[in-house]
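**Student:** Structure below; questions to follow.
Laboratory data are not the source of any read-out in this text; all were calculated from the coordinates shown. Computed from a prediction, not measured in an experiment: that's the story for all the values here. With ideal geometry, Cβ positions are generated from the backbone for all residues, glycine too; neighbour counts draw on all protein chains shown.
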Amino acid sequence: MNEASSSRRERIVRWEDPLAVARMAREMSGLELFRTLLAGGGAPPPISQLMGQTLEEVEEGRIVMKLAPGEHLYNPIGMVHGGAMATLLDSVMGCAVHTMLPKGRAYTTLEIKVNYLRAITVDSGAISGEGRAVHVGRRSAVAEGKAFDSAGKLVATGSTTCMVFDV
């Protein structure tokens, strides 16, 4: 076979201006923002488009997102790279914290810990990540996350500490 064989893959990623949603975030509480995004009232952030993540559920202190584990996320041994799971868990845990913040407050991840429990491939089906806020204070927040494959098997867990600040 020559180099132009059918083994070549391509992924095209398109996104909208991320600052539009960032402006929305400054004008709403975190819960209002994520309910608006879930209802289609704003474009997903570029990282979601790049990774193939979708927002599925929103409630105060809890977020669920799904990740389609495509080949574009594979590492050299033919499995989804651990960084993709870290990104999904970082997203759901941080966004769970965000749903607890009032207008004018924001967060950033200070640290994240991930435990990988099972290998993930395209055969795993959509990965569902759930983040839950454990504590949200004036200066810091703590959240935990779990990721499940399409059969409901736990594939990864995580925890995070976030810094909370005024914007």
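**Student:** Can you name the residue in the stretch 145-167 that is touching a residue at least 24 places away in the same chain (Cβ under 8 Å) and in a loop (DSSP other than H, G, I, E, B) and, of all such residues, is surrounded by the fewest Cβ atoms within 10 Å (Cβ to Cβ)?
**Tutor:** ALA151
**Student:** Name the one entry in LEU31, LEU50, LEU55 that is touching a Leu at 6+ places or on another chain (Cβ under 9 Å) and either part of a helix (DSSP H, G or I) or over 19 Å from GLY94 (Cβ atoms) (or both).
**Tutor:** Residue meeting the stated conditions: LEU31.
**Student:** Okay, moving on. All but one of (1) surrounded by fewer than 20 Cβ atoms within 10 Å (Cβ to Cβ); (2) part of a strand (DSSP E or B); (3) of a type in the set (A, V, I, L, M) hold for ALA119; state the number of the condition that does not hold.
**Tutor:** ALA119 satisfies every listed condition except (2).
**Student:** When VAL136 is evaluated against the numbered criteria (1) within 23 Å of GLU27 (Cβ to Cβ); (2) touching a Ser or Thr at 6+ places or on another chain (Cβ under 8 Å), which criterion, by number, is the only one it fails?
**Tutor:** (2)
**Student:** Turning to a different aspect of this structure: Which residues, counting only those in the stretch 1-28, are part of a helix (DSSP H, G or I), among the hydrophobic types (A, V, I, L, M, F, W, C) and surrounded by 10 or more Cβ atoms within 10 Å (Cβ to Cβ)?
**Tutor:** Of everything in the stretch 1-28, those that are part of a helix (DSSP H, G or I), among the hydrophobic types (A, V, I, L, M, F, W, C) and surrounded by 10 or more Cβ atoms within 10 Å (Cβ to Cβ) turn out to be ALA20, VAL21, ALA22, MET24, ALA25.
**Student:** Okay, moving on. Tell me which residues, restricted to the stretch 53-79, are surrounded by 14 or more Cβ atoms within 10 Å (Cβ to Cβ) and farther than 23 Å from THR109 by Cα.
**Tutor:** ALA68, PRO69, GLY70, HIS72, TYR74, MET79 - these are the residues of the stretch 53-79 that are surrounded by 14 or more Cβ atoms within 10 Å (Cβ to Cβ) and farther than 23 Å from THR109 by Cα.
**Student:** When the stretch 58-77 is examined, which residues are found to be part of a helix (DSSP H, G or I) and either without any contact (Cβ under 8 Å) to a residue 24 or more places away in the chain or under 15 Å from the mean Cα position of the chain (by Cα) (or both)?
**Tutor:** Across the stretch 58-77, the qualifying residue is only LEU73.
**Student:** Consider LEU19 carefully, then state whether it is in contact (Cβ under 8 Å) with a residue 12 or more places away in the chain and aliphatic (A, V, I, L, M).
**Tutor:** Answer is no for this residue.
**Student:** Now for a different question. Considering (1) within 11 Å of the chain's Cα centre (by Cα); (2) under 30 Å from SER7 (Cβ atoms), say which one CYS95 fails and leave the rest.
**Tutor:** Every condition holds for CYS95 apart from (2).
**Student:** Just need a number here: residues in the stretch 88-116 that are within 17 Å of VAL21 (Cα to Cα), assigned to a loop (DSSP other than H, G, I, E, B) and touching a strand residue (DSSP E or B) at 6+ places or on another chain (Cβ under 8 Å).
**Tutor:** 3
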